[in-house]
Amino acid sequence: MRVGFVGAGRMGAPMVARLTAAGHDVRALGRTEESRAAVTALGATAVADLASAADGADVVVVCVFTDDQVNAVVPELIAAMPTGSVLVLHTTGSPDTAAALAESAAPRGVAVLDAPVSGGPHDIAAGAVTVFIGGDEEALQRARPVLAGYAEPILHAGGVGAGQKMKLVNNTLFAAQIGLMAEAVRLGDRLGLTEQALLTALPQGSAASAAMTNIARAGSTGAFIAAVGEFIGKDVAVVRGAAAELGTDLGRLEPLVDAGL
């Protein structure tokens with residue numbers, strides 16, 4: 001398939017590498033000579049503008065960091081995408097952003113899937129990153145050969161925006177689990193147990209979780225929070241805003257989330 005790609009950075013680069021290795025014709029945006037050289041090294045065709053990335057594409061993948069960045073690139077992409085193509089948004093952001101973009105794309109016959117990922121570059125490189133999908137089932141099937149190049153499992157959560165909602169709940173719970181671990185370390189300290197001892201033993205017990213495993217790999221709760229705080233904090237801010245718009249909040253997760261940020 002012909003794939004347009006915008007955002008070949010920390011998360012996007014291993015996606016591009018796997019797509020080209022799978023035989024897809026990938027046209028990746030590079031705004032500078034350095035970035036164009038980087039995507040060329042991944043096996044993609046480097047292009048200098050958004051329209052060239054989208055032109056003739058079956059699927060266009062956007063993997064940028066914020067909603068503002070999404071809104072800055074997607075309208076121009078949609079304008080250049082052919083009828084029947086699919087836009088995949090890997091950015092974690094507001095469900096309303098995905099819904100608004102899907103509405104704007106529909107008159108052109110372009111389908112939008114919000115598809116935030118759960119995992120890191122190493123998961124993408126292994127073809128095992130989790131993707132939560134919001135959007136039309138038929139559009140998902142059209143995009144699946146591309147997504148399957150780097151994602152497993154691919155989980156359809158519902159209509160447009162549902163993927164974002166699922167990811168936001170996931171990351172809120174993840175932040176709360178980090179907060180729980182921080183509190184557990186403080187309890188262990190009061191009981192005379194070192195954090196290193198806890199991180200060696202607890203992942204083998206019934207309290208084990210993905211958050212705990214990642215913290216143990218980082219070496220300490222503080223080191224892990226320092227590494228992921230910016231990413232988790234952004235997502236938690238989005239979910240707090242979305243919850244407030246619906247007249248609710250994070251409930252009992254709130255203090256644990258604060259402890260994990």
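For the reader, a short list of remarks on this structure follows.
- Residue in the stretch 172-188 that is open to solvent by less than 30 Å² (accessible area, probe 1.4 Å), under 24 Å from Leu155 (Cα atoms) and of a type in the set (Ser, Thr, Tyr) present: yes
- Criterion (open to solvent by 10 Å² or more (accessible area, probe 1.4 Å), under 13 Å from Ala115 (Cβ atoms) and either among the charged types (D, E, K, R) or part of a loop (DSSP other than H, G, I, E, B) (or both)) met by exactly one of Thr83, Thr92: Thr92
- For the criterion of being assigned to a helix (DSSP H, G or I) and closer than 30 Å to Thr97 by Cβ, Gly247 fails.
- Ile154 passes every criterion in (1) of a type in the set (A, V, I, L, M, F, W, C); (2) within 19 Å of the chain's Cα centre (by Cα); (3) closer than 30 Å to Arg252 by Cα; (4) surrounded by 18 or more Cβ atoms within 10 Å (Cβ to Cβ) apart from (4).
- Tally, over the stretch 200-237, of residues that are of a type in the set (A, V, I, L, M) and farther than 16 Å from Gly260 by Cα: 4
- Residues that are open to solvent by 40 Å² or more (accessible area, probe 1.4 Å), among the hydroxyl-bearing types (Ser, Thr, Tyr) and touching a residue at least 12 places away in the same chain (Cβ under 8 Å) within the stretch 192-232 comprise just one, Thr200.
- Filtered residues of the stretch 205-216 (kept if outside any helix (DSSP H, G or I), out of contact with any Leu (no Cβ under 8 Å at 6 or more places or on another chain) and among the aliphatic types (A, V, I, L, M)): Ala207
- Checking Thr66, Thr40 one by one, the residue that is of a type outside the set (Lys, Arg), farther than 18 Å from Val131 by Cα and surrounded by fewer than 24 Cβ atoms within 10 Å (Cβ to Cβ) is Thr40 and no other.
The values are calculated or read from the model by the stated rules, or taken from the named source; none is laboratory data. Just so it is clear, the model here is predicted, and its values are computed rather than measured. FYI the Cβ positions are ideal-geometry reconstructions off the backbone, even for glycines, and counts take in every protein chain you see. For the accessible areas, the whole protein counts, side chains as well, though only heavy atoms, and no ligand, DNA or RNA atoms are used. Shrake-Rupley method; radii C 1.70, N 1.55, O 1.52, S 1.80 Å.
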